[in-house]
Structure formats: C-alpha cells, structure tokens
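I have placed the structure first, in the form of structure tokens, so that the comments after it can refer back to it.
Each value in this text was obtained by applying a stated rule to the coordinates, not by laboratory testing. Here the structure is a predicted model, which means the values were calculated and not measured. Every residue, glycine among them, receives a Cβ derived from its backbone with ideal geometry; neighbour counts consider all protein chains shown.
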C-alpha cells in the first residue's frame, strides 16, 4: 500500500505531512490488504469560502474502485482528522456489506 501526501496550495511542513500519513494509516490499517494506494490532499480554504483547511482522501482499492472523503477543519490537522475518521467509518460500514471489500471467510 502506497500513501502520498500532497499539499495543493498549502506548504505543509514535514511534521504535518508525517501526521497526515500516520493518521490516515491508523484509520484504515485493518483494511490495508484491500488497498492499492491512498492520496491525501491538504489545502487552505480560500478566503471566499471562510478560514481553515480542507482535506481530500482518495483510496484506490484493489478490486472495487475508489473511496473518497472530503472534510474541512479550522487547521490542516483538524481537516485530516475529520476526513480520516469519516473514511474509517465508511470503510467499516461497507466492509460489513461487502460493497468495497470482499468479506474474509
């Protein structure tokens, strides 16, 4: 599984990049064998949209396509936390139904 952190219009320091990678990995680690790659995009929200940051997480699954989450937060870490939590819930919910991930026998 490959994880890539991109910063869009925000210059993320190494600490924030590492945090984003770690936070998302922890959220989806139990599904790692079903995941090909993860792209995490973190960017500042334009002044017209308010203050803060936005995080998009796109997961490419080995068999079933893509899962995408988007969240906003007061700062980059908050946006990453929200998107990672949403992703974990979505993956768990749909793993139970077999929609994204084939259930293990």
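In degrees, nearest 10, range 0 to 90: what is the angle between the Cα axis of helix 76-97 and the longest Cα principal axis of the chain? Roughly 20 degrees, rounded to the nearest 10. In percent, rounded to a whole number, the relative contact order of region 2-97 is 26, using alpha-carbon pairs under 8 Å and six or more apart.
Looking at region 2-97, the DSSP beta bridges with both ends there are about 80 percent antiparallel.
Available extension along the chain between residue 6 and residue 29 is 6.3 nm, counting 0.36 nm per residue and deducting the alpha carbon span.
Which of the peptides 20-29, 88-97 is most tightly packed, and how do the rest follow, going by the mean number of other Cβ atoms within 10 Å of each residue?
Values: 20-29: 18.1, 88-97: 14.6.
Put in order of decreasing packing, that is 20-29, 88-97.
Assuming R0 = 22 Å, can you tell me the calculated FRET efficiency for the pair residue 15 and residue 74, based on Cβ-Cβ distance, to the nearest 0.05? In this case the efficiency is close to 0.80.
Indicate the gyration tensor shape class of region 36-94 (rounded, prolate or oblate), computed on the Cα atoms with a ≥ b ≥ c the square roots of the eigenvalues: a/c under 1.5 is rounded; otherwise a/b larger than b/c is prolate and the rest oblate. Prolate, because a/c is 1.5 or more and a/b exceeds b/c.
Anisotropy class assigned to the chain is prolate, per the alpha carbon gyration tensor with a/c at or over the 1.5 cut-off and a/b larger than b/c.
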